[in-house]
Amino acid sequence: MGSLAAILKHPDDFYPLLKMKMAARHAEKQIPSEPHWAFCYTMLHKVSRSFSLVIQQLGTDLRNAVCIFYLVLRALDTVEDDTSIPTDVKVPILIEFHQHIYNCDWHFSCGTKEYKVLMDQFHHVSTAFLELGKGFQEAIEDITMRMGAGMAKFICKEVETIDDYDEYCHYVAGLVGLGLSKLFHASGLEDLAPDFLSNSMGLFLQKTNIIRDYLEDINEIPKSRMFWPREIWSKYVNKLEELKYEENSVKAVQCLNDMVTNSLKHAEDCLKYLSDLRDPAIFRFCAIPQIMAIGTLALCYNNIEVFRGVVKMRRGLTAKVSDRTKTMSDVYGAFFDFSCMLESKVDKNDPNAKKTLSRLESIQKTCKESGVLSNRKSYILRTEPICNLTLIALFFIILSIVYASYSGNRLIN
């Protein structure tokens, strides 16, 4: 639940972290008893703990559909990601994957750790899929078919141009946005969103992940995974892997900033998509990841640590986003604050500074024109350091109670 040092530095993180911990325990208790559904929700928690928490607020039918949709696409992604699978084996599996979800006897051993378990016992996912409503099944099959074909295409094709980059991100994430919109519509809770808005929702998340995961992808064994488009990185280095070398730090950061600037073009579409949602649970489900994305971009921008290790939002801030995102005004506020944070890091000498600032100004203008920015208190940007001794004292009191309770239970047992 967040490190002690981080909580002492940000004591107001404690309560949201505590609520997130309690929500996680509640989610574990809500796992269905049927073996196939128990497997699916347990596996969902293992492959994406944050997603498994956000999904809990959806109604039962939609929650089940989204759970299976996620696991089917995660399994498809596991096949694509496994660089040890020969191309002549991988491509047919990707293309035919939408058929396998109807076959309760099908499985394919690949991936590692929890992903291998998912693939080895995929029959549980297929069994659960076959219990979904027809509208949900058709949406999941359609997106799986289109995504598998797109992945197969890029197994044999490099990401050369920015258009290639957008096309690849469409196949692996934009289609997720389209699929979720189809599921929301099939549930009867939302109108069907325009495809271009659904696509932008996926692209904004995927491009953020591709930026953040540069080092992990480039160091992949036995073969590097390279998703940054040559049209961008070739302006700075001769080979993509050269960005991680210390002697190329200046060029690496400039390239990183170029990539972040490219991602920002999807932000306003995301705000439009979210503003059109009617159901509160679906809204939170969609809004929280988007806020996390722009927050991650703000941290990654102009940050050489992207090429040295993992850059991500602290758990306390993540917990705050989850706890405090309830209305569109919260989304406008978070996008405005994170865009201001990113703006403060722009070096006027950066080759893309003008374009970056222009896109940030456009995001901020949209947020201001909502007319709700003055109605909320920022938890992202601080004008003065926090030193709340009461919260710190409360933290140690609760920590002592939890420890005493745990020790007592151990003695009883």
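Summary of computed values
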read-out: Qualifying positions in segment 172-200 - open to solvent by less than 50 Å² (accessible area, probe 1.4 Å) and aromatic (Phe, Trp, Tyr); value: Phe184
read-out: Filter result for the condition that a residue is in the same structural domain as Met292 (by the TED database) and among the charged types (D, E, K, R), over Lys207, Lys153; value: Lys207
read-out: So Gln290, is it touching a residue at least 60 places away in the same chain (Cβ under 8 Å), crowded, with 23+ Cβ neighbours inside 10 Å and not small (Gly, Ala, Ser); value: yes
read-out: Subset of segment 325-361 (residues that are open to solvent by less than 10 Å² (accessible area, probe 1.4 Å), within 21 Å of Ile288 (Cα to Cα) and of a type in the set (Val, Ile, Thr)); value: Thr325, Val331
read-out: Unique match (being surrounded by fewer than 17 Cβ atoms within 10 Å (Cβ to Cβ) and either assigned by the TED database to the domain that holds Val321 or modelled with pLDDT of 95 or more (or both)) among Trp37, Trp106; value: Trp106
read-out: When residues of segment 63-78 are limited to those that are in contact (Cβ under 8 Å) with a residue 60 or more places away in the chain and surrounded by fewer than 22 Cβ atoms within 10 Å (Cβ to Cβ), the one farthest from Gly111 (Cα to Cα); value: Leu73
read-out: Residue satisfying condition, being out of contact with any Ser or Thr (no Cβ under 9 Å at 6 or more places or on another chain) and under 20 Å from Arg49 (Cβ atoms), within set Gly316, Gly309; value: Gly316
read-out: All helices (runs of 4 or more DSSP H) inside segment 161-268 with 1 or more residues being among the small types (Gly, Ala, Ser) and over 16 Å from the mean Cα position of the chain (by Cα); value: 175-186, 249-264
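The values are calculated or read from the model by the stated rules, or taken from the named source; none is laboratory data. Note that the structure is a prediction, hence the values are computed from the model and not measured. All Cβ positions, even for glycine, are placed from backbone atoms using ideal geometry, and neighbour counts span all protein chains on display. Accessible surface is based on the protein model in full, side chains and every heavy atom, while ligands, DNA and RNA are left aside. Shrake-Rupley method; radii C 1.70, N 1.55, O 1.52, S 1.80 Å.
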